[in-house]
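K.L.:
Structure below; questions to follow.
The values are calculated or read from the model by the stated rules, or taken from the named source; none is laboratory data. Just so we're clear, the structure is a prediction, and the values are computed from it rather than from any experiment. Cβ placement follows ideal geometry from the backbone for every residue including glycine, while neighbour counts extend to all protein chains displayed. Heavy atoms of the whole protein, side chains included, go into the accessibility calculation; ligands, DNA and RNA do not. Shrake-Rupley method; radii C 1.70, N 1.55, O 1.52, S 1.80 Å.
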Amino acid sequence: MSHRSEHPGPSTASNSLRILEIVARFGTGTTAKEITDALQMPPATAYRVLNALVGDEYLARTSDLRGFALGHAISGLITAATPPTVPTAAHTVIEEFRSGNRFAVHLIMFRNASLRIADEDPDYPLQSAFEMLRYPHASAAGKLMLAELGDSASPLPRGPLMKLTQHTLTEAQLEGQLAEIRFKGEASEINELAQGSASLALPVRLPSRPAGAALCLSGPSERFTTICEHAEAARELTSRLAPFLF
């Protein structure tokens, strides 16, 4: 009686990742033979996966067509997996602004239409970090980013938006609020991300360039008016931060 193997071979996804790892390790010009030798992979399997990776631009052929290099599509994966780097000079001016203020000051970067926590206030950590990253329509930083995307070719969220609280923005309100954010040059949320919290987000950008980050002032919702009193000082800080970050 014949039996199926209890140890099936690597999947196509696994082979793709293994090949990408070899090209990343060996560098530009890695040949198909080097890949098959390193992975002990049948040539037919390797060529099938290589052609698919080239077609999807995860790999690119070198100019002499003899080898391979990492392609444009892989840069998005690398960027997403790499934590944002905040220069010491930028961190220093943020810390100076934090001192003496009894509310949180966070720096949130925009990367590939998503939010990344770049410099979290150590004294007042983010209480709803997962929700902020997952549901940008519910946070001040996220709405600021979506307002920037709405002014570009990038798509805005479609379909029903997750309601985190009874105050969370709905899809019917999205376009109107984003237009208001673009007009005012700032975004805010009160009890939208989490009940009892509020935040004001100001764009960090170079002149005549889209915002690449948000400076967020956050605290209890009952203190939102007090937080807003620091908006002008925070705007001055964003002007100082931009040359360090971009």
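K.L.:
Kindly report the accessible area of the range 116-216 per residue (heavy atoms of protein chains, probe 1.4 Å, no ligands, DNA or RNA), in Å².
P.N.:
Per-residue accessible area for the range 116-216 comes out at 50 Å².
K.L.:
To the nearest 20 debye, what charge dipole does the chain have about its Cα centre, counting +1 at the Cβ of each Lys and Arg and -1 at the Cβ of each Asp and Glu? Don't skip to the answer; put the middle values down first.
P.N.:
Details: 22 positive and 26 negative charges, 143 e Å.
Computed about the Cα centre, the dipole is about 680 debye.
K.L.:
Relative contact order for the chain using alpha-carbon pairs under 8 Å, separation at least 6, rounded to a whole percent?
P.N.:
15
K.L.:
Give the aspartates and glutamates reachable from Lys184 as a straight Cα distance under 15 Å; neighbours fewer than 8 places away on the same chain don't count.
P.N.:
Glu148, Asp151, Glu175, Glu232
K.L.:
How much length would be gained if the chain were fully extended between Gln195 and Lys33, taking 0.36 nm per residue of separation minus their Cα-Cα distance, in nm to one decimal?
P.N.:
52.5 nm
K.L.:
In whole Å, what is the distance between the alpha-carbon centres of the range 98-126 and the range 180-246?
P.N.:
10
K.L.:
For the chain, which whole percent of the accessible surface, found with a 1.4 angstrom probe, sits on carbon and sulfur atoms?
P.N.:
Of all accessible area on the chain, carbon and sulfur atoms account for 53 percent.
K.L.:
Jot down the per residue volume, in cubic angstrom and as a whole number, of the convex hull over the alpha-carbon atoms of the chain.
P.N.:
Convex hull of Cα atoms, per residue: 200 Å³.
K.L.:
From the phi angles alone, apply the Karplus equation (6.51, -1.76, 1.60; θ = phi - 60°) to the range 188-203 and give each ³J(HN,Hα) in whole Hz, x where the residue is Gly or Pro.
P.N.:
Result, rounded to whole Hz: 9, 8, 10, 6, 8, 7, 8, 4, x, 10, 8, 8, 10, 10, 10, x.
K.L.:
Looking only at GluC sites (Glu not before Pro) in DSSP loops with at most 11 other Cβ atoms within 10 Å, what is the longest site-free stretch of the chain?
P.N.:
7-228
K.L.:
List, largest first, the extents of the alpha carbons of the range 37-160 along their principal axes, each in whole Å.
P.N.:
That works out to 64, 38, 25 Å along the principal axes.
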